[in-house]
Amino acid sequence: MDQLNLIWQGLPSLLSGTLVTITLTIYFLALGFILGILLALGRVYGSNFLKLLIIRPFERFFRAVPALVLLFLFYFGSSFFHVEISAFMAAILAMGLRSAAYQSQIFRGAIQSIGKGQMKAARSIGMNTFQSIRYIILPQALRLSIPSWANEYAVVLKDSSLAYAVGVTELLRQGRYIVARTFGNALLIYTVCALIYFILVFVGNQTLKILEEKYKIPGYEIKTKKDQSVLERI
Amino acid sequence: MPNVILRAENVYKKYGKLEVLKGISFQVKQGETTVIIGPSGTGKSTLLTCINQLTPPDKGHIWLEDTEITNPNTDINIIRSSIGMVFQHFNLFTHLSVLDNVRIGLLVVKKTPMKEATEISMGKLNEVGLGDKIDAYPAELSGGQQQRVSIARALAMNPKLILFDEPTSALDPELIGEVLNVMTKLAEIGMTMVVVSHEMGFARAVANDIIFMEKGVIVEEGKPDKMFNDSENPRTREFLHKITELYGGKTE
């Protein structure tokens with residue numbers, strides 16, 4: 001009973017922590033989405049100068065350096081340049097840019113998997129490059145990206161717990177406060193935290209699955225082996 | 001004397017060291033159909049994409065009526081919107097319904113109001129016999145139906161000229177007829193067309209002019225009658241003989 005009571009009393013602060021976690025995740029994903037698409041388009045349609053000197057080094061760097069190191073670099077490194085940024089802001093920059101590097105790979109793969117004929121056809125009816133990308137390429141690429149993007153969503157959501165290390169009071173830090181206040185209920189409280197993360201990932205992935213289903217192109221579904229007839233499998 | 005819609009002068013195109021087009025000149029008059037034939041790898045498709053600048057030529061000039069397409073100051077998107085193109089593999093926009101495939105050019109490029117764009121598109125889809133398929137998606141259609149949608153997509157822009165790049169080569173034999181029928185109908189109502197095709201029956205019946213290309217140059221050009229029965233160049237005779245055996249068209 002004591003344990004239940006403890007959870008009940010800790011719930012408001014855990015939920016406010018959850019709200020911070022969700023807010024962080026939305027910022028990470030949004031920054032990563034917008035920048036990721038731009039990077040991917042640059043990788044596919046941009047000049048060599050852009051590709052070799054800006055996009056590739058950016059992607060390499062943010063994919064090669066551990067998330068925690070990025071967080072420290074942005075948070076503690078900023079004071080070196082005499083810029084004052086909050087832990088929250090540092091987290092958004094570090095994790096958002098990191099997600100952009102990963103998301104750009106997702107979008108680049110999707111864009112490149114669309115047949116060259118689509119672009120040709122769009123240009124042949126008089127669309128300029130921007131219109132072709134906006135109306136023909138991206139709508140198809142984004143649909144193809146949903147499954148891999150669901151993966152990125154789960155990773156980013158869970159990695160938001162690293163913001164703990166620079167002092168952002170997200171879900172895990174709220175949990176840690178309760179553990180510290182009540183002396184040794186670590187297993188119980190962290191289990192509740194784990195459960196909340198699980199629910200967030202689960203709900204998010206379910207939502208994306210519904211989205212995928214809603215926007216699937218009729219006659220163009222990716223068939224699973226089970227749906228195929230024997231003849232088609234040969 | 002019908003006026004000239006398309007005029008190409010000395011068009012050159014190189015891919016790396018490979019010279020694909022070595023000085024092509026020809027013209028197409030209003031309402032006429034020109035069929036380009038020739039062995040594969042001869043530059044027929046490249047010539048078509050040079051016309052609408054999907055692959056800009058290295059040298060030479062091309063005019064659409066009085067506008068020089070190859071002039072760098074010409075707004076190529078406006079030119080392209082008045083030159084339709086039909087591809088071998090249809091290239092319909094897979095994420096759009098049949099109706100949207102046809103009207104998206106009007107909506108995005110010509111900024112036509114939705115109601116009018118829909119009316120025009122419906123008209124063109126009826127013309128190609130697909131008025132009942134407007135809500136279908138490309139992957140749900142047969143190859144012949146897809147190709148007819150792509151013809152409707154080209155027609156919707158009200159083009160001065162339509163380029164056909166082997167429009168029936170990717171189709172099952174029993175689906176070729178429905179596409180050729182639509183093209184024949186277009187020729188009858190006076191659409192100007194440049195067609196790369198090996199359909200000799202179609203060429204013989206519909207073409208005003210046949211161009212035989214080989215190795216990047218025009219070997220011979222003339223009326224179908226002359227080309228089929230009385231061609232000057234032995235190479236033309238040989239090719240036409242072989243291709244007629246393969247694709248038929250002798251018994252027209």
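Among DSSP beta bridges whose residues both lie in region B:95-252, state the antiparallel percentage, nearest 5.
Numbers: 5 of 9 bridges.
Among the beta bridges of region B:95-252, antiparallel pairing accounts for roughly 55 percent.
Tilt of helix A:2-45 relative to the longest C-alpha principal axis of chain A, in degrees (0 to 90, nearest 10)?
Value to nearest ten degrees: 30.
Sort A:151-160, B:114-123 by the packing proxy (mean of other Cβ within 10 Å over each peptide's residues), most packed first.
A:151-160, B:114-123
Below 8 Å between Cα atoms, with a sequence gap of 6+, how large is the relative contact order for chain B in percent?
So the answer I get is 25 percent.
Under a plain spin-label model, where a point goes 7 Å from the Cα along Cα-to-Cβ, how far apart in nm are residue A:72 and residue A:48?
Distance between label points: 3.9 nm.
So how many Lys-Lys pairs in region A:2-233 land under 25 Å Cα to Cα, not counting same-chain pairs under 8 apart?
Lysine pair count for region A:2-233: 14.
Evaluate the relative contact order of region B:79-183 (contact order divided by residue number), counting alpha-carbon pairs under 8 angstrom at least 6 apart; express in whole percent.
Normalised by residue count, the contact order of region B:79-183 is 44 percent.
Output the 0 to 90 degree angle, nearest 10, between the alpha-carbon long axis of helix B:143-156 and the longest principal axis computed from the alpha carbons of chain B.
80 degrees
Please compute, for peptide A:190-199, the average count of beta-carbon atoms on other protein chains lying within 10 Å of each residue's beta-carbon.
Working: counts 0, 0, 0, 0, 0, 0, 0, 0, 0, 0.
Mean shielding by partner chains, rounded to a whole number: 0.
Taking the Cα-to-Cβ direction at residue A:205 and at residue A:81 and moving 7 Å from each Cα, how far apart do the two end points lie in nm?
Computed distance between label sites residue A:205 and residue A:81 equals 3.7 nm.
Could you pull out every residue, at least 5 positions away or on a different chain, whose amide H is within less than 5 Å of the one on residue B:195? Hs are placed 1.01 Å off N in the peptide plane, and Pro or chain starts have none.
So residue B:195 has HN proximity to B:34, B:35, B:36, B:164.
Using +1 at the C-beta of Lys and Arg and -1 at the C-beta of Asp and Glu, which of B:49, A:62, A:78 has the Cα lying farthest in the positive direction of the dipole of the protein assembly as shown?
A:78
Please report, largest first and rounded to whole Å, the three semi-axes of the ellipsoid equivalent to region A:2-233, where each semi-axis is the square root of five times an eigenvalue of the C-alpha gyration tensor.
Sorted largest first and rounded, they come to 39, 26, 13 Å.
Could you rank the peptides B:16-23, A:168-175 by their average count of other C-beta atoms within 10 Å per residue, with the highest value first?
Those peptides, ordered most packed to least, come out A:168-175, B:16-23.
In peptide B:105-112, how many Cβ atoms from other protein chains are near each Cβ within 10 Å, on average?
4
I'd like the projected area of the protein assembly as shown, averaged over all directions, using the convex hull of its alpha carbons. Report it in nm² with one decimal.
Averaging across all directions leaves 32.1 nm² for the Cα convex hull.
Per-residue Cβ counts within 10 Å, from other chains only, averaged over B:69-82: what number is that?
Working: counts 0, 0, 0, 0, 0, 0, 2, 3, 7, 1, 1, 7, 4, 1.
For peptide B:69-82, the averaged partner shielding equals 2.
Within region B:189-222, whose backbone N sits under 13 Å from a point 7 Å along Cα→Cβ of residue B:246?
Those under the cut-off are B:197-200.
7 Å from Cα along Cα→Cβ at both residue A:60 and residue B:115: what's the point-to-point distance in nm?
Between residue A:60 and residue B:115, the label points sit 5.8 nm apart.
So if R0 is 35 Å, what FRET efficiency would residue A:112 and residue B:71 give, r being the distance between their Cβ atoms, rounded to the nearest 0.05?
0.60
Calculate how steeply helix B:114-127 sits against the longest principal axis of the alpha-carbon atoms of chain B, using the helix alpha-carbon long axis, and give the answer as 0 to 90 degrees to the nearest 10.
Its long axis makes an angle of about 50 degrees.
No value in this document is a laboratory result; all are computed from the given coordinates. If you're wondering where the values come from, they're calculated on a predicted model, not measured in any experiment. A quick note on method: Cβ atoms are made from the backbone with ideal geometry, for glycine too, and the neighbour counts reach across all protein chains shown.
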